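Below is one structure, written out as structure tokens; comments come after it.
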Amino acid sequence: VGRFYTIPVLAGIGIILNLICVLIFFNKKLKSNKVFCYLGFKAIFDIGTLIVRILYVIVKCKTCSFSSTYSIFLASNLINDYIKQWFAILSVLSEILATFYQYIQMKNILPRFQKLNQYILISILFLIVCSFYTYELFSTDIYVSKVLKDKNNKTTLIYKDRESEFGQSNAFKCIKIVGNLFRDFIGVLVIILLNFLIFYQFRSIVANKK
């Protein structure tokens with residue numbers, strides 16, 4: 001019950017703060033800078049992640065009358081297993097791009113990458129990520145758990161979900177590991193490495209000015 005109230009409130013605060021970031025980073029004076037533009041995209045994807053968290057809490061409400069319907073289980077699996085995944089990975093990719101452009105700006109090699117349109121690049125990444133995570137759509141089966149009848153002989157079907165045959169397969173587990181590995185390890189490692197290079201470049205610039 002506590003989660004039903006606390007997560008939407010905390011997520012709501014996060015959405016407001018990220019909306020402020022979007023308004024700042026996509027300001028006319030800043031959005032021409034690719035660093036701020038990609039940070040703006042990151043804020044948008046973080047908003048998406050937070051909205052997904054709110055929706056997931058709502059559809060998983062155990063005390064609500066709609067909690068055991070087919071459409072709710074379908075929405076729950078779609079939100080938590082599919083949409084949440086690509087919002088999270090797109091947020092990481094946006095941060096990588098923002099950090100990368102910060103580094104090449106400091107290295108004065110930005111003109112080589114200036115022709116890469118940020119909107120086209122994000123759109124391509126969006127399509128790739130959405131396509132990759134489609135495997136999640138086949139990992140769960142929704143089945144009829146109970147058939148209830150009331151006094152008026154009206155039938156109510158109670159649904160539950162379970163891992164599908166594909167969801168239990170080694171192929172699914174391997175694909176899942178690859179996706180999680182990139183999002184939670186490789187992506188973070190690349191960001192750390194780029195920030196280390198930025199720090200090193202900054203020290204070099206400061207040393208040269210002395």
Condition first: in a helix (DSSP H, G or I) and of a type in the set (Val, Ile, Thr). Now tell me which residues in segment 117-145 satisfy that.
Ile120, Ile122, Ile124, Ile128, Val129, Thr134
Could you list, in sequence order, all residues of segment 98-126 that are under 17 Å from the mean Cα position of the chain (by Cα) and either open to solvent by less than 30 Å² (accessible area, probe 1.4 Å) or among the acidic types (Asp, Glu) (or both)?
Ala98, Ile122
Within segment 21-34, does at least one residue satisfy the condition of being in a helix (DSSP H, G or I) and modelled with pLDDT under 90?
yes
Tell me yes or no: at least one residue of segment 162-180 is part of a helix (DSSP H, G or I), surrounded by 14 or more Cβ atoms within 10 Å (Cβ to Cβ) and either basic (Lys, Arg) or modelled with pLDDT of 90 or more (or both).
yes
Here are some residues: Leu137, Leu193. Which one is of a type in the set (A, V, I, L, M, F, W, C) and in contact (Cβ under 8 Å) with a residue 12 or more places away in the chain?
Leu137
Of all residues in segment 41-87 being in contact with a Ser or Thr (Cβ under 6 Å, 6 or more places away or on another chain) and at pLDDT 80 or above, the one that is nearest to Tyr135 (Cα to Cα)
Phe87
Across segment 1-35, what is the number of residues that are free of Cβ contacts under 8 Å to residues at least 24 places away in the same chain and touching a helix residue (DSSP H, G or I) at 6+ places or on another chain (Cβ under 6 Å)?
5
Is it the case that segment 127-142 has a residue that's of a type in the set (Gly, Ala, Ser) and open to solvent by 70 Å² or more (accessible area, probe 1.4 Å)?
yes
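The values are calculated or read from the model by the stated rules, or taken from the named source; none is laboratory data. A quick note: this is a predicted structure, and the numbers were derived from the prediction, not measured. Virtual Cβ from ideal backbone geometry, glycine too; neighbours counted across all protein chains shown. In case anyone asks, the SASA skips ligands and DNA or RNA and just uses the protein heavy atoms, side chains included. Shrake-Rupley method; radii C 1.70, N 1.55, O 1.52, S 1.80 Å.
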